[in-house]
Amino acid sequence: MRVGVVGAGISGLSVVHALSKHDTDCEIVGLEAREEPGGIVRSQRIDGHLLELGPQRLRLTPGIESLVEELNLREQLQFGDDDQPLYIYYDGKLRVVPLSARAALRTDLLSPFGKLRILAEPLTRPEQPGETVDEYLSRRFGTQAARRYMGPLYSGLYGTDTDEMLMEYSLGRALESTGVGRSLLVWVIRRLLEGRETPPICTFDEGLGTLTNALYEAHSESISLSRPVENIVAADGGYELQTANGTDHVDQVVLTTPAAATAELVKELDIELAETLGRFNYNPIGMVFLQSTFDREGIGALVPPGGELPISGSTWNASFLDRDGVFTCYVDPNSDPEMPNRTNDELGEVAAEAFERLTGSEASVLGVHRWKPGMPAYDRSWTAMDDLSTPTGLHLCTNYVDRAGIPGRIRSAKRVVETILGT
Ligand SMILES: Cc1cc2nc3c(=O)[nH]c(=O)nc-3n(C[C@H](O)[C@H](O)[C@H](O)COP(=O)(O)OP(=O)(O)OC[C@H]3O[C@@H](n4cnc5c(N)ncnc54)[C@H](O)[C@@H]3O)c2cc1C
């Protein structure tokens with residue numbers, strides 16, 4: 001069997017890796033548009049500073065840990081300091097996000113009533129049909145907790161307002177796949193009593209690109225870089241992957257490209273699928289890398305939408321990853337409606353100024369990177385999931401149909417491979 005894998009980001013690379021681990025006669029044809037692997041995972045050194053243009057860190061789940069062992073990356077693994085607090089900027093001040101019982105007692109983010117209200121969650125009704133994430137969180141945990149930190153914590157990276165996210169297609173799916181039952185609070189308490197810990201935060205000495213580069217090196221004979229697929233058509237019971245310099249015939253194909261790019265590839269093959277894919281919204285994200293002497297310990301700070309500052313948050317790489325003076329700020333149209341029209345210089349200035357107000361420390365701009373498309377928005381356009389149907393032998397392994405985080409991408413690659421091989 002020949003299997004085509006389109007895209008060599010973490011999803012495509014994980015599919016190739018999982019396929020090659022099975023003892024079958026499967027030939028893999030991996031095709032990547034860019035001249036380097038990794039997709040959104042991109043680590044770069046600028047003026048000696050290690051910057052992550054995409055994800056900043058991941059969790060060392062059992063799946064990631066086995067990959068680290070298989071690729072012999074243990075010595076390059078770097079652990080982040082999990083004990084540092086996460087902040088939220090509320091009412092002109094940085095306040096600790098109550099993610100543990102200790103932080104909940106210490107934080108001045110919620111009033112005593114706001115804290116008590118959270119405890120009522122097990123008594124409230126579970127998810128209701130048609131409910132938005134904002135309605136769900138407010139009803140179950142109270143508006144203080146919902147709007148001041150829970151909503152921004154969930155929706156921040158997607159750049160989408162929680163009142164535009166339907167539970168059924170966003171948080172509800174995530175809770176279901178994590179095995180959270182009727183009550184999130186009961187689930188958290190049970191895990192604490194069982195002594196189950198969240199896997200530690202990690203990265204690599206030279207950034208997360210180490211992982212995608214190592215995956216590519218391990219399978220470079222099966223992956224062609226700088227070879228964008230231009231069109232996919234049905235042929236001889238399988239598919240033809242057409243590129244500028246030749247066509248590959250495969251029996252099955254895995255598409256790991258963003259929704260709009262995938263729609264372009266399949267429009268001749270299946271116009272209905274292309275139209276459905278065209279409905280998924282993505283939000284652009286601006287990443288602004290700053291250097292500052294700000295020295296408070298922390299993982300970072302979230303900024304809820306609402307106009308207090310024109311950024312959605314910042315990651316404090318300098319603190320929890322010990323990266324010399326580096327801070328990453330995020331700008332999206334939800335935090336700064338002018339963001340799409342700003343030049344990179346303007347974006348840098350906006351973020352540096354916001355960072356200075358956030359922390360009280362000066363910052364200079366090291367670099368700016370834009371993702372367009374950035375993250376799947378998981379907004380109301382996700383009702384398109386109900387109409388998503390792919391022809392036999394064509395598989396989607398991407399962050400818009402499943403979990404977006406790197407561990408989730410690796411798990412979904414394994415599932416797709418099991419489907420392909422019928423194991
Ligand atoms: C700003 C940002 C921060 C994030 N932070 C975190 C984090 O801290 N931790 C975490 O776990 N996750 C994070 N995520 C999520 C995670 O990084 C992504 O969901 C994941 O990297 C997506 O990988 P992918 O392989 O599915 O897609 P992509 O990385 O988009 O890969 C798709 C690949 O397809 C290629 N391609 C496109 N068109 C074609 C074509 N026609 N032919 C061939 N190839 C093509 C592209 O060049 C690309 O390499 C973040 C995401 C973003 C955007």
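Derivation of every value follows stated rules applied to the coordinates shown; laboratory data play no part. For clarity, every value in this text was computed on a predicted model and none was experimentally measured. In this analysis, Cβ positions are derived from the backbone assuming ideal geometry, glycine residues included, and neighbour counts consider all displayed protein chains.
Any idea how far the Cα center of segment 1-79 sits from the one of segment 317-345, in Å?
That distance is 25 Å.
Tell me, what ³J(HN,Hα) does each residue in segment 170-181 have, in order and in whole Hz, if you take phi through Karplus 6.51 cos²θ - 1.76 cosθ + 1.60 with θ = phi - 60° and put x for Gly and Pro?
9, 4, x, 5, 5, 5, 5, 6, 7, x, 6, x
Hey, what does the equivalent ellipsoid look like for segment 99-193, semi-axes from the Cα gyration tensor as sqrt of 5 times each eigenvalue, largest first, whole Å? List each step's numbers first, then the result.
Values: eigenvalues 82, 53, 33 Å².
Three semi-axes, in Å: 20, 16, 13.
How much length is gained on full extension from D81 to E362, taking 0.36 nm per residue of separation minus their Cα-Cα distance?
Working: separation 281, 0.36 × 281 = 101.16 nm, distance 2.40 nm.
Difference between extended and current length: 98.8 nm.
When the Karplus curve 6.51 cos²θ - 1.76 cosθ + 1.60 is applied with θ = phi - 60°, which whole-Hz ³J(HN,Hα) does each residue of segment 221-232 get, with x for Gly and Pro?
5, 9, 10, 9, 8, 6, 10, x, 6, 9, 7, 10
For segment 272-277, take each phi angle, set θ = phi - 60°, evaluate the Karplus expression 6.51 cos²θ - 1.76 cosθ + 1.60, and give the result in whole Hz per residue in order, putting x for glycine and proline.
Once rounded to whole Hz, the list reads 5, 4, 4, 5, 5, 4.
Using r as the Cβ-Cβ distance of R380 and R34, and R0 as 22 Å, what FRET efficiency do you calculate, to the nearest 0.05? Don't skip to the answer; put the middle values down first.
Numbers: r = 31 Å, r/R0 = 1.43.
So the FRET efficiency works out to roughly 0.10.
Cα axis of helix 344-359 to longest principal axis of the chain: angle in degrees, 0 to 90, nearest 10?
Computed tilt is about 40 degrees.
With the crude spin-label approximation of a point 7 Å out along Cα→Cβ, what separation in nm comes out for R173 versus S389?
Label-label distance for R173 and S389, simple model: 1.8 nm.
If you fit an axis through the alpha-carbon atoms of helix 209-218 and take the longest principal axis of the Cα set of the chain, what angle between them do you get, 0 to 90°, nearest 10?
Its long axis makes an angle of about 20 degrees.
Tell me whether the chain comes out rounded, prolate or oblate; compute the Cα gyration tensor, take square roots of the eigenvalues as a ≥ b ≥ c, and use a/c under 1.5 as the rounded threshold. Let's see the in-between values first.
On the way: a/c = 1.67, a/b = 1.43, b/c = 1.17.
Prolate, since a/c reaches 1.5 and a/b exceeds b/c.
Cross-link candidates for K93: which lysines have Cα within less than 27 Å, leaving aside residues fewer than 8 places away along the same chain?
By straight Cα distance, K93 reaches K115.
Collect residues whose amide H, placed 1.01 Å from N in the peptide plane, falls under 5 Å from the amide H of D82; neighbours closer than 5 in sequence don't count.
Amide H neighbours of D82: I201.
So what's segment 1-153 giving for Cα Rg divided by 2.2 N^0.38 Å, two decimals?
Details: Rg = 22.0 Å, N = 153, 2.2 N^0.38 = 14.9 Å.
Here the answer is 1.48, to two decimals.
Along the Cα-to-Cβ line of A218, 7 Å from the Cα, sits a label point; which residues in segment 1-38 have backbone N less than 12 Å from it?
It comes to 13-22, nothing else.
Of the beta bridges DSSP finds with both residues in the chain, what % are antiparallel, to the nearest 5? List each step's numbers first, then the result.
Details: 47 of 65 bridges.
Counting only bridges with both partners in the chain, antiparallel ones make up about 70 percent.
First select every other residue whose beta carbon is under 12 angstrom from the beta carbon of D163; then total the charges, Lys and Arg +1, Asp and Glu -1.
Numbers: positive: R147, R380; negative: E131, D134, E135, D161, E164, D379.
The answer is -4.
Would you please give the residues with an amide H less than 5 Å from that of A377, counting only those at least 5 places away or on a separate chain, with H modeled from the backbone geometry?
N281, Y282, N283
Cβ under 14 Å from E127's Cβ, E127 left aside: what net charge do those residues give with Lys, Arg +1 and Asp, Glu -1?
On the way: positive: R125, R139, R140, R173, R182; negative: E121, E131, D134, E135, E168, E176.
Value of the local net charge: -1.
Using modelled backbone amide H atoms (1.01 Å from N, in-plane), which distant-in-sequence or interchain residues come within less than 5 Å of E27's amide H?
Amide H to amide H, under 5 Å and 5 or more residues apart or across chains, E27 pairs with R2, V3.
Please arrange M150, M167 by how many other C-beta atoms lie within 10 Å of their C-beta, fewest to most.
Ordered by Cβ neighbours within 10 Å, fewest first: M167, M150.
Let's test the formula: R0 of 45 Å, r as the Cβ-Cβ distance of E272 and H22. What FRET efficiency results, to the nearest 0.05? Spell out each step's value before the answer.
Values: r = 32 Å, r/R0 = 0.71.
My answer for the efficiency is 0.90.
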